[in-house]
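Have a look at the structure below before the remarks.
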Amino acid sequence: MHLRRIFAGALGVMALASITVLGASSSAHVAKVAKASCSTSIAIEAPFATGPATQLGLEQLHFAQLAVAMANKANGTSITLGKDDTGLNPSLATTRTNSIIASKAVAAVGPAGSQEVEAVGPLYAKAGMAFVSGSATLPALATSGANTTFFRVVPDDDIQGPNDANYIIKHKLAPAGSTILIIDDQEAYSEGLVAVMTPILTAAGFTVNHQSYNGTDTGATLQSDFSSLATSQVTSATHLVIVPWQSAGNAQQFGQTLQQQGKTVTLFGTDGTDSPGQFIIPGTYVSNFGPDISTSKSAVDKAIVKGIKKYGAYGAFGVPTWEATTVVMNAISSVCKAGKTPSRSNVLAAVRKTNISATASAMGVPIQFKADGDLVAKAGYLFHINSKGTYVEIADK
Amino acid sequence: MAPIGVDEWVARSGDRRDQHSGLRGQLARANERVGWWPRLLLVGLVALLYGKVIVGGNVNYAQTGFNVVLYAILALGLNIVVGWAGLLDLGYIAFFGAGAYIYALFSSHAFGNLPLDTGGVLLPAVASIPIAVVGVGLLGLLIGLVALRLSGDYLAIVTLFVGQAFAEAVNNVAPGTLGGANGLFGLKGFHIGSAIIGSTLGYYWFAVIVLLVLMALLHLLDTSRTGRAWRALRDDPLAAEVMTIPVNKVKVMAFTFGAIVAALAGTIFAAQQSSVFSTNFSAQTLILIYACLVLGGAGSIAGAVLGGVVVTVAQQLLSSPIDSAYLFYGILVIVLIARVRPWQYLAAVVAAIVAFGFAAHAIVGAISHRAIAGSPGSSGWFAGALRHFVIVPAGSPLTYGNVLYVAMICMVIGVVQLHGIRRLVAVVPTVYVAICCWEARLTLDPGITAQIMIGAILIVTMAARPEGLLGTRRVEVV
Amino acid sequence: MAPLLELDQVSLSFGGLRALTSLDLHVNENEIVSVIGPNGAGKTTLFNVITGIYQPAGDIRFDGTSLIGRRPHAITGMGIARTFQSLRLFLNMTVKENVKAATYGGTHASPIESMLRLPRARREEREVEARALEVLGFFGQRLQGYRFDQPAYVLSYANRRRLEIARAMATGARMLLLDEPAAGMNPNETHEITELIARLRDERGYTILVIEHDMHVVEGISDRVVALDHGEKLTEGSFHEVSNHPQVIEAYLGRNPEALQK
Amino acid sequence: MQIFISTLVSGIVVGCLYALIALGYSMVYGVLKLLNFAHGDLYMVGAFVGYFAIQWFGGATALIIPVPLLIIFMMLIAGFGVGALGVAIERFAYRPLRNAPRIAPLITALGVSFILEDSVLLLFGGFTRNYNTPAFLPFRQSIHIDGVNIWSVQIIVVVVSVAMMFGLRELVNRTLFGKSMRAVASDREAAEMLGVNVDRTIAITFFVGSAMAGVAGVMSGLAFGQISNIIGFLAGLKAFTAAVVGGIGSIPGAMIGGLAIGLCESFSSSYISSQYSDLIVFALLIAVMLVRPQGVFGQPPLQKV
């Protein structure tokens, strides 16, 4: 039978290939050696191909690619970017990180999710390799002491959470004494924010009703989660529902479920749900750790907004990743300029010394790291989704 | 008296069917000539060679080697239940997971307070491994007892849900301790006193030793009364029962042994990854383990191990653009050699493909230069050779690649339909489209391509050789 | 002396259908008893209740101890082994393994002992090997040499029947229940089987209960013949008594009269 | 009371979809004794077909044809497209394995499911797409039962599902195809000898089963909005649960099972806890299987000695 032969063949080749692989490099991260003086490679971990947050992942990837191109041009370096999809999934992130550490990359950008950083932080620490995240906001990541080589260019939830909570209180998004429903998706990121916001809101006299759903559910199962939450938890006393999730799509679906059941409540999302393409329930508030620079006047912001078109659509979520990548790129070039080899340890040291002025940074604040890798500056951003479903930044916080 | 000749002729007919001509036949016969213990030695030597010479400090190679051995061990365990006892256990993954989680609980801060990474229980390997193995062994016993009520597909169904329930459980139950979707990390590796296995290579060696010992023990078990009882059970439970074999007891034994092996693998896996997540024990992993077993040949120890090698290496190769290219073109060439006979036709077809390629490239180029401005996805010396052969538009737009992909699938289906000279003719454009599709699209997403290729390999294997590589053809009375 | 096997008012019914009705039967040590009867008379059901596959009402005693409520493997372990009308070999195991598998009840090495090949396991393996060779040797050249390591599914029909008998012998039973041993065999083979059954008793001292349609075989081997119909015993006695018994003839007439033409 | 009703409604809607998918599972198992794990992915493909149908007609916000027409078109194209896909899969993956060991088709089914899932991932990317149904079927179009809104889409789902199920029942009980299908299910060889065209019957069975999964996909897209390449697995698993609970191989069983699972799911998530609903469903299944392995409506397998 012919197929048998095919099969025998296929196996022959696998044997053959398994020998060739040992000759050929089997790592996807090896830098292409170029002539330029300062040439090495870095890697980005983001959920751009699989998982629930692909749009956000792609956004991060594109901004990272842009940052690499811009920095190489500015610093005269030739640094390549290895891409690793993590699907926002700690176990995948662990595998990827192991292969990044095995590769020649000297530093990494990402990963995106707090739960991923929790998982891979110790690995990077062991490898003495700096990694800068543009979206992981769980406070413990820096404070736990387990992730000694972790940096982030975004304010953590101890800043975002209180900001949001206080805004809710100050601007009376819910009548005093009413019930606020807060739902987590059983991920570290979400649970962290809930833990920060709940006490503040309770102190302000709100009744906080904390529920959770399984963030990994899909389709019909997800729908029955949502419709049951909407029916059984959103009572007449509820005026505000806080959805600190990592999936804008889920937030949108939950919003629609509420509308369908005729429940008129205000939604309040956090950075994970900040996605103008997906989460567009009018009247919703969405906080984010990055500014919307699409209309900004500063030179660097203009350059980014202009440059990003080459790689993909503009989105506020990606901006911090541009910043994170730039931090790494500048660190490497500074090592080279100092005449040292861009080794992992040297780059790590240089990242620690990062000092980018507010004007040069896309974050609107100067980029300097505390000893634990957190940003010195504290800033949060808040958006309101208008009737046309577009995000409008709220100046007064 | 019936003439012996007739009788013997009937008796040997089976053998005659098994005889293969040519290289494969010789290989098969050679394979039979090699005894069991030499084979074990061979496996050991290969493992030694790989670890000592080839890995050479490259963590990636060490990781690959480790995965190979890990999957081989898992396949061995599955082989006890599925291959020998013939119980279709789709909940096997739960035993693997339980082993890993139990190890994790006793080697991390799970029992302390997780966010602050303090407190917790850190047992030495000599304690934690036995705890995991015994615990999971009992679990296997339990599932086995439950399974006594069920047979055939019903068993498969229930065990499938046991496996799913496990993943759901570790995801949702006691997130404070089991870590929920975030899993448990920062596990301490295998350690006794101050000695600790720190490197991937270290775990590779550990796993290799476990594998070799398991192979030996399981072989001895297979050729003992227990092994015979299991295989008798697989062939005919009722006859087995009547022939003095306590079927229920033997079934439960099979589950327990399978569970123990899986648990052992689980502890090694957890210690090496230094973390566990419920997603590590998804249906995907289960499918891969089954792929190893079925590809290698259910019922054969050597088969299970070979399956582990093939599946894991294939995945590793596919995950990197360069190596997956070797695999892709290798398979393409072999398929042509195997399918197109005699060699004159083969030569003709190959020549036609090359000509077709350059012609198409030239024509398209003449029409629009942009349409061929892109560079092939695979690097290495291929790229140069292919530059003037494949049509890859500038910036290789995804839509183009996607169209090719769909076209390729349709054409492959078409080719299978055609026969004789028509097929030969149809092969030419099909192969060309396949190459273009590979260069323009598939190499861009190695991860996805790997999954697709694995799926294809499974289908082709089952169609070509249901008994697997080293498995023996089985008859089933239905 | 007390009979080796004794059935006492054994009844069995599936739903409404009565398969066996208050059946009395006894087989003495070293006796060959044939059970005859038209299709659906309950012959195979009789074997199934004896070997514990079905649980009947009434009592079945083997060598004085009751078999009721015991699982099949236990009953076989006590010394009653059977063959199947629809051959039920372990088709994917080799000839030798088929025989060895049947010695499970007679051996006791735990898996651990087997894995480590501890003394008891080694000793038992030797015994089992010897027993297999000895049992297969009983069939002359039929199941010898290259056949040892052939999977059972390549065997010819006649050899499968022989292997089933060998497997039953390997259990160490004192009594064999043979379910249509000559079914589907050509005259030569039938003749051979007849001799074989006789040898089983004469050389090995087995007590044999056999179901058979072929009247030549029945006449050739039986000390006693029992005729069943609709799960009831019509009569029993010597072949000639039974074959001339009016009810038996009536039972067979119209079904297959030529069965009695000699 | 309000909570109860709306939980009931969402349970029924979800249950109907499970039932539709479960029917395909059951039919295929009936004729081939094959656990077709790729079935859930056919449902996923159906959802994508529907999505692109919407884009084809100008997108959710700017439809160029009347909505009823669109919905009918979506269901037709998804039904026929996915049905054809199912037939193709049977022809090229399963037919060669008619007489292979039981495990071979099972593994092949897993392989097919890999290919379907990852082909969609390759072609359309991994991010979730949204039907954005409210844009053309606003929530205003809904009926109210003491404070509970029942959205027109939910009504559509239930009506279409029930209609298809009864259609199928008639097909199986009244038509010649139904006869031959039942013949093949009970004994393929015998049916072949009696002149039943087995290959054709099996192909049609696959077509019908897959088509129903395809339509279910479209309706889930309409009702739940989000679709991605991975929705197939979990849905398939649940539908499979339904088929098993009802008695795999039995058509009424699949319907009842589907509703049972749907209701069990929604009630457990609104009265107990949304995170344990899956566990509860699986526990229910295992319990049913142990008490009555052949399911509620299934026939026990007869064993001959």
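The values are calculated or read from the model by the stated rules, or taken from the named source; none is laboratory data. Computed from a prediction, not measured in an experiment: that's the story for all the values here. FYI the Cβ positions are ideal-geometry reconstructions off the backbone, even for glycines, and counts take in every protein chain you see.
So if I check each of D:161, D:180, D:152, D:113, which one is in contact with an Asp or Glu (Cβ under 7 Å, 6 or more places away or on another chain), hydroxyl-bearing (Ser, Thr, Tyr) and touching a residue at least 12 places away in the same chain (Cβ under 8 Å)?
Numbers: D:161 fails: in contact with an Asp or Glu (Cβ under 7 Å, 6 or more places away or on another chain); D:180 fails: in contact with an Asp or Glu (Cβ under 7 Å, 6 or more places away or on another chain); D:152 fails: in contact with an Asp or Glu (Cβ under 7 Å, 6 or more places away or on another chain).
Criteria check complete, one pass: D:113.
Which of the following residues is crowded, with 24+ Cβ neighbours inside 10 Å, more than 14 Å from chain C (Cβ to nearest Cβ) and under 23 Å from the mean Cα position of the chain (by Cα): B:283, B:265? If you could, list the steps in order and put the result at the bottom.
Numbers: B:283 fails: crowded, with 24+ Cβ neighbours inside 10 Å.
Testing whether each residue is crowded, with 24+ Cβ neighbours inside 10 Å, more than 14 Å from chain C (Cβ to nearest Cβ) and under 23 Å from the mean Cα position of the chain (by Cα) leaves just B:265.
Residue C:52 versus (1) part of a loop (DSSP other than H, G, I, E, B); (2) buried (at least 17 other Cβ atoms within 10 Å of the Cβ); (3) out of contact with any Pro (no Cβ under 9 Å at 6 or more places or on another chain): which is the lone unmet condition?
With respect to (1) part of a loop (DSSP other than H, G, I, E, B); (2) buried (at least 17 other Cβ atoms within 10 Å of the Cβ); (3) out of contact with any Pro (no Cβ under 9 Å at 6 or more places or on another chain), residue C:52 is out only on (3).
Which numbered condition trips up residue A:255, out of (1) in a helix (DSSP H, G or I); (2) within 7 Å of another protein chain (Cβ to nearest Cβ)?
(2)
Rundown of residues vs (1) of a type in the set (Gly, Ala, Ser); (2) under 29 Å from residue A:100 (Cα atoms); (3) in contact (Cβ under 8 Å) with a residue 60 or more places away in the chain, yes/no style:
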residue	(1), (2), (3)
A:334	yes, yes, no
A:344	no, yes, yes
A:362	yes, yes, yes
A:393	no, no, yes
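Having 1 or more residues that are more than 10 Å from chain C (Cβ to nearest Cβ) and at positive phi is the bar; report the helices (runs of 4 or more DSSP H) wholly within the range B:146-243 that clear it. Steps first, answer last, please.
Numbers: elements: B:152-172, B:175-178, B:200-222, B:225-235, B:237-242.
Fully inside the range B:146-243 and qualifying: B:152-172.
Name the one entry in A:172, A:104 that is basic (Lys, Arg) and free of Cβ contacts under 8 Å to residues at least 12 places away in the same chain.
It is A:172.
Looking at the structure I just gave you, is residue D:204 surrounded by fewer than 23 Cβ atoms within 10 Å (Cβ to Cβ) and in contact (Cβ under 8 Å) with a residue 24 or more places away in the chain?
Working: surrounded by fewer than 23 Cβ atoms within 10 Å (Cβ to Cβ): yes; in contact (Cβ under 8 Å) with a residue 24 or more places away in the chain: yes.
It is true that residue D:204 is surrounded by fewer than 23 Cβ atoms within 10 Å (Cβ to Cβ) and in contact (Cβ under 8 Å) with a residue 24 or more places away in the chain.
What's the number of the only condition in (1) within 30 Å of residue A:82 (Cα to Cα); (2) within 14 Å of another protein chain (Cβ to nearest Cβ); (3) surrounded by 22 or more Cβ atoms within 10 Å (Cβ to Cβ) that residue B:330 fails to meet?
(3)
Restricting to the range D:198-250, give me the number of residues that are part of a helix (DSSP H, G or I) and either at pLDDT 90 or above or small (Gly, Ala, Ser) (or both).
Taking the range D:198-250 and keeping what is part of a helix (DSSP H, G or I), we get D:198-224, D:231-246.
Pick out the ones that are also either at pLDDT 90 or above or small (Gly, Ala, Ser) (or both) and you get D:198-223, D:232, D:235-236, D:239, D:242-243, D:246.
The number of residues fulfilling the criteria is 33.
Hey, any hits in the range B:93-114 for a residue that's in a helix (DSSP H, G or I), farther than 22 Å from residue B:193 by Cα and modelled with pLDDT under 85?
Yes: one or more hits.
If you check D:103, D:54, D:72, D:77, which single one turns out to be β-branched (Val, Ile, Thr) and closer than 30 Å to residue B:78 by Cα?
D:103
Only one of A:217, A:225, A:184 is under 30 Å from residue D:15 (Cα atoms) and more than 10 Å from every other protein chain (Cβ to nearest Cβ); which?
Working: A:217 fails: more than 10 Å from every other protein chain (Cβ to nearest Cβ); A:225 fails: more than 10 Å from every other protein chain (Cβ to nearest Cβ).
When all the criteria are applied, what remains is A:184.
Would you check which residues across the range C:151-167 are in contact (Cβ under 8 Å) with a residue 24 or more places away in the chain and either in a loop (DSSP other than H, G, I, E, B) or at the interface with chain B (Cβ under 8 Å from one of its Cβ atoms) (or both) and list them?
Matches in the range C:151-167: C:151, C:153, C:155, C:158, C:167.
Can we say residue D:253 is away from chain A (no Cβ under 14 Å), over 30 Å from residue C:43 (Cβ atoms), at pLDDT below 90 and not in a helix (DSSP H, G or I)?
Working: away from chain A (no Cβ under 14 Å): yes; over 30 Å from residue C:43 (Cβ atoms): yes; at pLDDT below 90: yes; not in a helix (DSSP H, G or I): no.
So residue D:253 does not fit the description; no.
Go through the range A:98-132 and report how many residues are over 18 Å from residue A:187 (Cβ atoms) and either in contact with an Asp or Glu (Cβ under 9 Å, 6 or more places away or on another chain) or outside any strand (DSSP E or B) (or both). Break it down stepwise before answering.
Within the range A:98-132, the first condition is being over 18 Å from residue A:187 (Cβ atoms), and the residues that meet it are A:98-109, A:122-132.
With either in contact with an Asp or Glu (Cβ under 9 Å, 6 or more places away or on another chain) or outside any strand (DSSP E or B) (or both) added as a condition, the list becomes A:98-106, A:108-109, A:122-129, A:131-132.
Within the range A:98-132, residues that are over 18 Å from residue A:187 (Cβ atoms) and either in contact with an Asp or Glu (Cβ under 9 Å, 6 or more places away or on another chain) or outside any strand (DSSP E or B) (or both) number 21.
For the range A:365-397, give me the residue count where each residue is assigned to a strand (DSSP E or B), more than 17 Å from the chain's Cα centre (by Cα) and of a type in the set (Ser, Thr, Tyr).
1
Scan the range A:109-128 and tell me whether some residue there is at the interface with chain B (Cβ under 10 Å from one of its Cβ atoms) and β-branched (Val, Ile, Thr).
Checked against the condition, which is being at the interface with chain B (Cβ under 10 Å from one of its Cβ atoms) and β-branched (Val, Ile, Thr), the range A:109-128 yields at least one hit.
Identify, please: which residue in the range B:310-320 is aliphatic (A, V, I, L, M) and more than 8 Å from chain A (Cβ to nearest Cβ) and is, among those, farthest from residue B:296 (Cα to Cα)? Write out each step before concluding.
So the first thing to find is which residues in the range B:310-320 are aliphatic (A, V, I, L, M), and the list is B:310-311, B:313-314, B:317-318.
Keeping just the survivors that are more than 8 Å from chain A (Cβ to nearest Cβ) gives B:311, B:318.
Working: B:311: 9, B:318: 19 Å.
Only one residue tops the list, namely B:318.
Just to check your reading of the model, which residue among A:28, A:17, A:24 is modelled with pLDDT under 50, buried (at least 23 other Cβ atoms within 10 Å of the Cβ) and facing chain B (nearest Cβ under 7 Å)? Show your work before the answer.
Numbers: A:28 fails: buried (at least 23 other Cβ atoms within 10 Å of the Cβ); A:24 fails: buried (at least 23 other Cβ atoms within 10 Å of the Cβ).
Being modelled with pLDDT under 50, buried (at least 23 other Cβ atoms within 10 Å of the Cβ) and facing chain B (nearest Cβ under 7 Å) holds for just one of A:28, A:17, A:24, which is A:17.
Counting just the residues of the range B:136-152 that are within 24 Å of residue D:243 (Cβ to Cβ) and touching a Lys or Arg at 6+ places or on another chain (Cβ under 7 Å), which one comes out surrounded by the most Cβ atoms within 10 Å (Cβ to Cβ)? It would help to see each step written out before you state the result.
Step one: of the range B:136-152, the residues within 24 Å of residue D:243 (Cβ to Cβ) are B:143, B:146-152.
Filter again for touching a Lys or Arg at 6+ places or on another chain (Cβ under 7 Å), leaving B:147-148.
On the way: B:147: 25, B:148: 14.
It comes out as B:147.
Within the range C:98-130, track down each residue that is more than 9 Å from every other protein chain (Cβ to nearest Cβ) and buried (at least 20 other Cβ atoms within 10 Å of the Cβ).
C:99 - this is the single residue of the range C:98-130 that is more than 9 Å from every other protein chain (Cβ to nearest Cβ) and buried (at least 20 other Cβ atoms within 10 Å of the Cβ).
If you go through the range D:178-200 one residue at a time, do you hit one that is closer than 30 Å to residue D:65 by Cα, more than 9 Å from every other protein chain (Cβ to nearest Cβ), of a type outside the set (Phe, Trp, Tyr) and buried (at least 17 other Cβ atoms within 10 Å of the Cβ)? Walk me through it before giving the result.
Within the range D:178-200, the subset closer than 30 Å to residue D:65 by Cα is none.
Within the range D:178-200, not a single residue is closer than 30 Å to residue D:65 by Cα, more than 9 Å from every other protein chain (Cβ to nearest Cβ), of a type outside the set (Phe, Trp, Tyr) and buried (at least 17 other Cβ atoms within 10 Å of the Cβ).
Go through B:462, B:453 for me and flag whichever is in a helix (DSSP H, G or I), at the interface with another protein chain (Cβ under 7 Å from one of its Cβ atoms) and crowded, with 18+ Cβ neighbours inside 10 Å.
Step by step, each of B:462, B:453 is checked, and only B:462 is in a helix (DSSP H, G or I), at the interface with another protein chain (Cβ under 7 Å from one of its Cβ atoms) and crowded, with 18+ Cβ neighbours inside 10 Å.
Every residue, every condition in (1) outside any helix (DSSP H, G or I); (2) in contact with a helix residue (DSSP H, G or I) (Cβ under 7 Å, 6 or more places away or on another chain); (3) of a type outside the set (D, E, K, R), yes or no:
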{"site": "A:154", "(1), (2), (3)": "yes, yes, yes"}
{"site": "A:159", "(1), (2), (3)": "no, no, yes"}
{"site": "A:165", "(1), (2), (3)": "no, yes, yes"}
{"site": "A:190", "(1), (2), (3)": "no, no, yes"}
{"site": "A:208", "(1), (2), (3)": "yes, yes, yes"}
{"site": "A:211", "(1), (2), (3)": "yes, yes, yes"}
{"site": "A:214", "(1), (2), (3)": "yes, yes, yes"}
{"site": "A:220", "(1), (2), (3)": "no, yes, yes"}
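Could we say that residue C:144 is at pLDDT below 85 and surrounded by 13 or more Cβ atoms within 10 Å (Cβ to Cβ) here?
Details: at pLDDT below 85: yes; surrounded by 13 or more Cβ atoms within 10 Å (Cβ to Cβ): yes.
Yes: the conditions hold for residue C:144.
Determine whether residue C:72 is at pLDDT 90 or above, in contact with a Gly (Cβ under 9 Å, 6 or more places away or on another chain) and not β-branched (Val, Ile, Thr).
Numbers: at pLDDT 90 or above: yes; in contact with a Gly (Cβ under 9 Å, 6 or more places away or on another chain): yes; not β-branched (Val, Ile, Thr): yes.
Answer is yes for this residue.
Being polar (S, T, N, Q) and either modelled with pLDDT of 90 or more or more than 12 Å from the chain's Cα centre (by Cα) (or both) is the filter here; which residues of the range A:80-139 pass it?
Passing the criteria: A:80, A:89, A:91, A:94, A:95, A:97, A:98, A:99, A:103, A:133.
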